[in-house]
Every structure is written in structure tokens, then in C-alpha cells.
Amino acid sequence: MDLEVRHFRLVEAIAQAGSITKAASAPGVSQPFLTAQLQRIERRVGGPLFRRDRTGSQPDRVWRHGRWPGTRCALGT
């Protein structure tokens, strides 16, 4: 799977919302869909992008510093 802009937007939506459930509150998006997409993205980049717990999802240190693992793409550029 190649990463596309929509994948970056999905991850950004989860990061801004603070949880997959809150990010899924957008019209036409379900929590199971977001979870499945995030799992595919994490497999592609080789590791978790978020620390998940009962309080939500926080960006993992791997990409919190502005770089996606396994890519040359910097966030925000």
C-alpha cells in the first residue's frame, strides 16, 4: 500500500481529536473504518503512530518530531 494524502489527513484527524472515536464523529466516517485504516498505515510505516489507552490516542514519539518512519516526508511541509 502506498501512502496517499488521505492517509496523512486521517492520521492528522486522529491526532487533533485525541482519539479514534472522536475523529470518527465526522459525517460518513466510522470508528471501525478509522481503526482498520490506521492499522494498515501502521503496518506500512513499520510501527505504531499513536500510544493508545483508555483516555485516547497520543502521537507516538516516532512521528511526534515531524517525520513519518520509513518515508522522507516531514509533517507540515
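The values are calculated or read from the model by the stated rules, or taken from the named source; none is laboratory data. Remember, it's a predicted structure, so these values are computed and weren't measured experimentally. Cβ atoms come from the backbone with ideal geometry, glycine included; neighbour counts cover every protein chain shown.
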When only residues in the range 1-11 that are part of a helix (DSSP H, G or I) and loosely packed, with under 14 Cβ neighbours inside 10 Å count, which is nearest to the chain's Cα centre (by Cα)?
9
Which ones in the range 21-47 are assigned to a helix (DSSP H, G or I), crowded, with 17+ Cβ neighbours inside 10 Å and more than 9 Å from the chain's Cα centre (by Cα)?
23, 45
The correct count of residues that are of a type outside the set (Ser, Thr, Tyr) and out of contact with any helix residue (DSSP H, G or I) (no Cβ under 6 Å at 6 or more places or on another chain) in the range 20-44 is 14
Inspect the range 68-77 for any residue being modelled with pLDDT of 80 or more and either touching a His at 6+ places or on another chain (Cβ under 9 Å) or β-branched (Val, Ile, Thr) (or both) and give the result as yes or no.
no
Which one is farthest from residue 11 (Cα to Cα), of the residues in the range 26-43 that are at pLDDT 90 or above and among the small types (Gly, Ala, Ser)?
30
